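The structure appears right after this line, and notes come after that.
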Amino acid sequence: ELPGFYYDPEKKRYFRLLPGHNNCNPLTKESIQHKAMESKRLRLLEEEEKQNKKTTRPGLNSSMLLQKRQLGLLSSTSYCRMVHELKVNCMQRRKIEIHSPDSSVAGTNNFKIVVADVACERIFTVNDVEHGGCKYGIINLSGLGKESLTVEMYDNLYFTNRKVNSVCWASLTHPDSHVLYPFTKAKCHKLCLMGIAETPGCASLLPASLFSSTNPGDRPGMLCSFKISTAWSCAWCLNPQADNCFSTGLTRRVLVTNVVTGHRQTFGTSSDVLAQQFATQTPMLYNGCRSGEIFSIDVRQRNRKGQSWKAIRLFHDSAVTSIRLLEAEHYLMAADMAGKIKLWDLRTVKCVKQYQGHHNEYAILPLHVNEEEGLLTAVGQDCYTRIWSLQDAHLLRTIPSPHPSSKDAIPSVVFSSRLGGRQGVPGLLMAVKQDLYHFSYN
């Protein structure tokens, strides 16, 4: 590289980088990098449309797998995992048609967050709106099994606010009966336990039944809202030893709240808590911090001054943006703002695997672990969706975004082998801009 110049591989010559922005069309490193990234994205999209996808593992094909299975060289678990790898490489993109009782709002706002319930029958969506706030809705995925690929979206326009950093499903009266989400640094007009409140931030528990075709636009009949400070993350506890509790990760502290009794327990931290997840087999809460530290809390204990309440402690070199416990709860997956994804063994407190290729520098991006299929899915800051094998950390597929890369066009994805419920279809859902796409198994 020559200082002040860049090399154009097409014209095979050097050009001067113009300083500042005085010229009407200045050449800068950022514009050159963006042009190269867009060219790569368009090339990958063209390859996707040709449907000439090859498996990333040499010699892996369906006939070979079936032959090994019949000869007893592959266990049923390994066979199913390898079949999922094959099908992931053959997924084809199809656009989904979104229907809404209020046709004026369907497909007019950009998707920001998409979170599926445990059964993958519904997804809760957070959409940006023009005046700077957010709109919330629930999409029913039962229509994915049909040829037309249509889904129903139900909104409740009474609930609008700003700066939603995290969303999770909550099981209060029955599985996935409510939706929990904290608001940050916003004037929120919500029905709280003490009436209407105007606070700098709040965590709200919203019944999912409010988003239905029977009562669109109704004012809330049941809603818990708690005043909090700057919130970065939230998690709902499914362990019976801490029943009806949720946690919010705040600035330099963790707040565990019982929604029935209103009892709160505060744990001070040295950094902002950006990611959280409760264990289901033990009453432990795992937290990922901006400092790169990951620690666990036993929520049964009393927080006393001068007492160390941190149990397991892990460390990344950059801010931890997402953590996911694996099913047996012996392993924890964590991603950070250096683009590293690590698998930690909680028994030995050591990193046992790293998943290469993820791109992140500043965004809070989630991880999606599907143990039954043996897959890990993550969307990078570069707007590429990457899928790895959980077992050996092999990168199986890189999916380009259908839209040009930008900060406000990072896709939000959901992967499941049963989209739409028990009899649903397998594949990947991708929400980007105003569109919803289904990558179906071939």
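The values are calculated or read from the model by the stated rules, or taken from the named source; none is laboratory data. Since this is a predicted model, take the numbers as computed values, not measurements. Positions of Cβ are generated from backbone atoms using ideal geometry, with glycine treated the same way; all protein chains shown enter the neighbour counts. Please note that ligands, DNA and RNA were not included when accessible areas were found on the heavy atoms of the full protein model with its side chains. Shrake-Rupley method; radii C 1.70, N 1.55, O 1.52, S 1.80 Å.
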The range 312-385 - Rg (one decimal) and Dmax (whole number), Cα, Å: 11.8, 34
Net charge contributed by nearby residues that have their C-beta within less than 12 Å of Val369 (K/R +1, D/E -1): -3
Over 21 Å between alpha carbons, listed pairs Lys163/Lys433; Lys95/Lys340; Lys68/Lys342: Lys95/Lys340; Lys68/Lys342
Accessible surface of Lys340 - all protein chains present, 1.4 Å probe, nearest 10 Å²: 80
Counted charge near Met430, where neighbours are those whose Cβ lies closer than 12 Å (Asp, Glu -1; Lys, Arg +1): +3
Rounded to the nearest 10 Å², the accessible area of His368 at probe 1.4 Å: 40
Accessible surface, 1.4 Å probe, highest first, among residues Val273, Val349: Val349, Val273
Potential lengthening between Lys407 and Asp392 on full extension [0.36 nm per residue; Cα-Cα distance subtracted]: 2.3 nm
Local electrostatic count at His394 - Lys and Arg +1, Asp and Glu -1, tallied over other residues with Cβ under 12 Å: +3
The range 222-362: relative contact order as a whole-number percent, Cα under 8 Å and 6+ apart: 14
Förster radius 35 Å - calculated FRET efficiency between Ser171 and Gln70 (Cβ-Cβ, nearest 0.05): 0.25
Full-extension gain in nm, Phe315 to Arg418, via 0.36 nm per residue minus C-alpha separation: 33.6 nm
Where labels lie 7 Å past Cα in the beta-carbon direction, separation of Ala328 and Gln92 in nm: 3.9
